[in-house]
Amino acid sequence: MLYLSFDSIKQTLATALAAAGFAPAPAAQLADVFARNSLEGVYSHGVNRFPRFLSDLEQGVILRDARPETVASLGGMEVWDGHFGPGPLTAEAAMARAIALSHTHGIACVAVRNTNHWLRPGRYGWQAAEAGVAALLFTNTSGNMPAWGAKDPRLGNNPLVLAIPRKKGAVVVDLAMSQFAYGKLELAALAGEQLPIPGGYDEAGALTTDPGAILHSQRILPAGYWKGSALSLGLDLMAAALSMGRTVSMIRADPLPERGLSQVFVAVDFRGLLDEAQVDHLLDGAIEDLLGSAPVEGGRPIRYPGQRREETIRHNLEHGVPVNEVTWQKILNWIAAHREEEIV
């Protein structure tokens, strides 16, 4: 494992993106997305995902210069077409627009069709929380999870985020509808580690903690079994209906992988309507009660979602951001190869 400074990671990724043809501003923004996700401890959707992003660019999954367009609006609701542009750029813009609309309408929704993988969804929840608004956002994905009781993957694991701003620390829930996100499986497989609990099935249909076996079978386990399966379908239908975009079944039919996703960004400016001190008192009481929970014998202290973010940032800034050596070498090799092409 390598331990690299946050700034050096950003600079290297921006160099690669410039070599891929991105202008300086979007290259810097995207480099920050990947580097900061790793800085905050979400390694599966940070630097480790970058080589796949470059591959998606080369395959035409992501159209480098495409930008979203508003195609319909009604009060606090807008529908955008992402035109298959870079998912993180579209997601940040959509969340920012929903936040702005919420200040006028109290609650706002921006639904986006024909977009791409947004990497770490929690990033956009933090974007809302840091702006002082609550958020609900979700996406569909390619067909990567079997319905409960099925063998073949026809549902997406469709991540969902809930963000609640709080002066003493925002609560940001970021989860997929599978027991483990595919990025977590890939990270564990890369490190040669087993999962702490079963995360899917092997080729023989047996539950397993082997991430490689699950990646091979593509039989990932829905979170909460039938409940995760039902939630996945509901989120898929809602995202597609609100954006008039693709469902998971339509995404599966595209010959290019995981392209043309449907996403929803809802922002609620509840602090603009309610007494701020009362809201904080309500939220703080609930969090304090949770943190007073008695952990199981030998277990860790109970934390709320998002509590460890600042601690992880401080640690990685001090000791370096952990980056897989093989992944980093792939990035360096890609930069070197494309510099040679420019010389030729």
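Numbers for the structure displayed
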item	result
1 or more residues of a type in the set (Asp, Glu), over 22 Å from ASN324 (Cα atoms) and modelled with pLDDT of 95 or more: qualifying helices (runs of 4 or more DSSP H) within region 20-125	50-59, 87-105
Lone qualifier among LEU221, LEU215, LEU231, LEU261 - being at pLDDT 95 or above, surrounded by fewer than 21 Cβ atoms within 10 Å (Cβ to Cβ) and under 21 Å from the mean Cα position of the chain (by Cα)	LEU231
Some residue of region 37-52 being open to solvent by 40 Å² or more (accessible area, probe 1.4 Å), free of Cβ contacts under 8 Å to residues at least 40 places away in the same chain and within 30 Å of THR104 (Cβ to Cβ)	no
Conditions (1) in contact with a Ser or Thr (Cβ under 8 Å, 6 or more places away or on another chain); (2) on the phi > 0 side of the Ramachandran plot; (3) of a type outside the set (Phe, Trp, Tyr): number failed by GLY224	(1)
Residue count for region 273-327, restricted to those that are part of a loop (DSSP other than H, G, I, E, B), over 30 Å from THR12 (Cα atoms) and either in contact (Cβ under 8 Å) with a residue 12 or more places away in the chain or open to solvent by 100 Å² or more (accessible area, probe 1.4 Å) (or both)	8
Conditions (1) open to solvent by 20 Å² or more (accessible area, probe 1.4 Å); (2) β-branched (Val, Ile, Thr); (3) under 30 Å from MET1 (Cα atoms); number of the one not met by THR247	(3)
Selected residue (criterion: farthest from the chain's Cα centre (by Cα)) from residues of region 171-196 that are under 29 Å from LEU237 (Cβ atoms) and in a loop (DSSP other than H, G, I, E, B)	GLN179
Subset of region 331-344 [modelled with pLDDT of 95 or more and buried (at least 16 other Cβ atoms within 10 Å of the Cβ)]	ILE331, TRP334, ILE335
Positions within region 195-254 being among the charged types (D, E, K, R), in contact with a strand residue (DSSP E or B) (Cβ under 7 Å, 6 or more places away or on another chain) and farther than 30 Å from THR70 by Cβ, in sequence order	ASP202, ARG219
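The values are calculated or read from the model by the stated rules, or taken from the named source; none is laboratory data. From a predicted model like this one, the values you see are computed outputs, not experimental measurements. When we count neighbours, we look across all protein chains shown, and the Cβ atoms used for this are built from the backbone with ideal geometry, even at glycine. Note: areas computed on protein heavy atoms with side chains; ligands, DNA, RNA excluded. Shrake-Rupley method; radii C 1.70, N 1.55, O 1.52, S 1.80 Å.
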